[in-house]
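Reviewing the structure listed below.
The values are calculated or read from the model by the stated rules, or taken from the named source; none is laboratory data. Quick caveat, the model's predicted, so the values are computed rather than measured. With ideal geometry, Cβ positions are generated from the backbone for all residues, glycine too; neighbour counts draw on all protein chains shown. These accessible areas exclude ligands, DNA and RNA; they are computed on the full protein's heavy atoms, side chains included. Shrake-Rupley method; radii C 1.70, N 1.55, O 1.52, S 1.80 Å.
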Amino acid sequence: MATTRVLEWLGRFYIVLLLGFLYLPIVIMAAMSFNASPFYQLPFEWTTDWYISLWQNDQLIAATWNSIEIAIITTLISTALGSMASLALYRYEFRGKKFLQALLFPPIAIPWLITGTAMLIFFFGVGIGRGLIAILLGHVALALPYVIVVVSARLQTFAPELEEAARSLGANQWQVTMRVTLPWIMPGVIAGGLFAFAVSFDQFVVSYFLSTPGQTTLPVEIYAAIRKGFTPEINAVSTIIIVVSMALMLLTARFFKFGGEK
Amino acid sequence: MADQRAIGSRRGLRPALPLLLPAYLWLTVAIFLPLSAMVFFSFMTDLPLAGKEWAFTLGNYAAFFSQSLYSTLLFASLRLGLEVTLWCIVIGYPAAYVLAKVLKGRSREAIFLLVILPFWSNGLVRIFSWAMVLREGGILDTALNAVLPFKINIDLMYSYPAVIIGLVHSYVPYMVLTCYLTLQAIDDSLIEAGRSLGASRRQVLWRVIIPLSMPGLIAGAALIFVPVVGSFMEPRILGGRTGTFYGTVIEDQFVAVFNWPLGAALSFILLAVVLIILALAAPVLRRAA
């Protein structure tokens, strides 16, 4: 089957092209953050000046810390609440369970533009207003469905007999959960947590509508900078972000696979 | 699986409530109440804040239907969504097929991860990276002029194609992911059976492979179409003055013009359109599940 071989090689070549399409712009953007010319002129001249000037940009540094803090708090809250909800959805049968599960999809499926503007209106109306608290409220809500979906997937591999066995050996509900169930679903919980961190750290649209000049996150700050004009400093901070979020997702992929194998 | 679950599960909402309540309360406060509030505000003349006068009105919706600007932009956004979705199918489906049926073992795993990885990195940053490539004197311009014997000017920046390229780049991994999952589930023996019964490659593709992978195609299309119709950051950065779409008009109402009730009405109309599209896609998806 000569044609089959040729087609297979064409297929492989096509995948290489696709990867080029996906990664080239990112690589070029990263390369430009090490180029001396402020107008992105070639030939390429190596420098780390843009990273150094980044270090002195107080506004960006403040926004970065906000982003990190919000992402960490979002991760902690949404992982805890999401895991609890997943456990309940796994353990108990009750009317309306299907409905509760269906409710998880609107936050994922509705465009963030709509969710973000709706939050802005509502938070303003009830007096929460804009700012870091509003952003945190929004991020946790966006991350929760992802955590519940991921942890529930892991729970599907859990044998309920283990809980029964622990119970019949005299363990109470709390002990069963902490000593039997939680250790088993831990890879799912960690993967869910990493998802939550990524959702929050990369979130732009919702943060954009909920931020005020002093209280903002890194992506919002970058958007403002891009609209003023391109500078290699934006390339530098973008490169850092992309490296961080890709590393994070590689980590998630590892944990998620642990979930599948065991 | 079903009877296995029955051993562990217990009846009643009451014991489940303490575990469920925190998460669902949070979702109510931050998602469901805001969406309801948006519907409410869209019928008001002004925000009921700081003693401002307000009354109920249908004016915000009348504005949408009386001024052709808004419906024109909504159609422009729907067209943008359609075009981006089609490009994602054209580019993503063959890649998903190669991943599912040609590559094997570790190299498949590694390349699958490589395709999905950019999707989980910051969307804003990836759109910005295209600005580096597409602007005049940018990389595409320089590279093509270095290779080609004649002088051409590539200045795609701030144009409709630039917006399409940026959005396709952002969303094509979705299509690869959903199509890969359904293509991988197709039994190879079905394809071999078709071939040995005398069907050509093309016939097998159109009669066996594409119909069986339809749920993945529909799921990917819905997952891409919906956010693209609501996109505003991508057209702003890559489209410049040509990048006015429905999403950017909504953004303006909230951050520039401060006509929130009109913005709420426009958002709600978009939400209705989105829900209709998701409802149309739902039966196909349910059959797949």
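Data overview
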{"item": "Given (1) within 29 Å of A:Ile135 (Cβ to Cβ); (2) of a type in the set (A, V, I, L, M); (3) not in a helix (DSSP H, G or I), number of the condition A:Ala236 does not satisfy", "result": "(3)"}
{"item": "Residues of the range A:9-18 satisfying the condition of being surrounded by fewer than 16 Cβ atoms within 10 Å (Cβ to Cβ) and of a type in the set (A, V, I, L, M, F, W, C)", "result": "A:Trp9, A:Leu10, A:Phe13, A:Val16, A:Leu17"}
{"item": "Hey, A:Tyr51 outside any loop (DSSP other than H, G, I, E, B), facing another protein chain (nearest Cβ under 8 Å) and surrounded by fewer than 21 Cβ atoms within 10 Å (Cβ to Cβ) or not", "result": "no"}
{"item": "Sole residue being open to solvent by 50 Å² or more (accessible area, probe 1.4 Å) and either away from every other protein chain (no Cβ under 13 Å) or in a helix (DSSP H, G or I) (or both), chosen from B:Ser71, B:Ser107, B:Ser129, B:Ser77", "result": "B:Ser107"}
{"item": "Qualifying residues in the range B:35-59 (those that are part of a helix (DSSP H, G or I), at pLDDT 85 or above and touching a Ser or Thr at 6+ places or on another chain (Cβ under 9 Å)) - the one most open to solvent (accessible area, probe 1.4 Å)", "result": "B:Leu35"}
{"item": "Any hit, the range A:29-42, residues being open to solvent by 60 Å² or more (accessible area, probe 1.4 Å) and polar (S, T, N, Q)", "result": "yes"}
{"item": "Restricting the range B:12-33 to residues that are within 7 Å of chain A (Cβ to nearest Cβ) and farther than 19 Å from A:Ser78 by Cα, the residue that is modelled with the lowest pLDDT", "result": "B:Gly12"}
{"item": "Tally, over the range A:74-88, of residues that are at the interface with chain B (Cβ under 8 Å from one of its Cβ atoms) and open to solvent by less than 10 Å² (accessible area, probe 1.4 Å)", "result": "3"}
{"item": "Residue check, A:Ile241 facing chain B (nearest Cβ under 10 Å), surrounded by 20 or more Cβ atoms within 10 Å (Cβ to Cβ) and more than 29 Å from A:Ser83 (Cα to Cα)", "result": "no"}
{"item": "Some residue of the range A:154-167 being within 23 Å of B:Leu271 (Cβ to Cβ) and either surrounded by fewer than 18 Cβ atoms within 10 Å (Cβ to Cβ) or not aliphatic (A, V, I, L, M) (or both)", "result": "no"}
{"item": "Single residue of the range B:145-176 satisfying the filter (of a type in the set (Phe, Trp, Tyr) and touching a residue at least 12 places away in the same chain (Cβ under 8 Å)) that is nearest to B:Val115 (Cα to Cα)", "result": "B:Tyr174"}
{"item": "Selection status of A:Leu250, open to solvent by 60 Å² or more (accessible area, probe 1.4 Å), within 11 Å of chain B (Cβ to nearest Cβ) and more than 19 Å from B:Glu251 (Cβ to Cβ)", "result": "yes"}
{"item": "Matching entry among B:Leu280, B:Leu271 (being assigned to a helix (DSSP H, G or I), facing another protein chain (nearest Cβ under 10 Å), of a type outside the set (Lys, Arg) and open to solvent by 10 Å² or more (accessible area, probe 1.4 Å))", "result": "B:Leu271"}
{"item": "Criterion (touching a strand residue (DSSP E or B) at 6+ places or on another chain (Cβ under 6 Å) and modelled with pLDDT under 90) met by exactly one of A:Glu8, A:Glu93", "result": "A:Glu93"}
{"item": "Residue in the range B:135-150 that is over 30 Å from B:Phe258 (Cβ atoms), within 9 Å of chain A (Cβ to nearest Cβ) and of a type in the set (Ser, Thr, Tyr) present", "result": "yes"}
{"item": "Sole residue being closer than 30 Å to B:Val274 by Cβ and at pLDDT below 90, chosen from A:Ala71, A:Ala88, A:Ala102, A:Ala30", "result": "A:Ala102"}
{"item": "Test for A:Ala118: is it part of a helix (DSSP H, G or I) and either over 23 Å from the mean Cα position of the chain (by Cα) or at pLDDT below 90 (or both)", "result": "no"}
{"item": "Residues being surrounded by fewer than 21 Cβ atoms within 10 Å (Cβ to Cβ) and under 18 Å from A:Ile15 (Cβ atoms) - total across the range B:175-204", "result": "3"}
{"item": "Residue within the range B:210-232 that is more than 24 Å from B:Pro94 (Cα to Cα) and surrounded by fewer than 21 Cβ atoms within 10 Å (Cβ to Cβ) present", "result": "no"}
{"item": "Where a residue in the range A:17-41 is part of a loop (DSSP other than H, G, I, E, B) and its partner, wherever it lies, is of a type in the set (S, T, N, Q), with Cβ under 7 Å and at least six apart", "result": "A:Ser33/A:Asn235; A:Ser33/A:Thr239; A:Phe34/A:Thr47; A:Phe34/A:Thr48; A:Ala36/A:Thr47; A:Pro38/A:Thr231"}
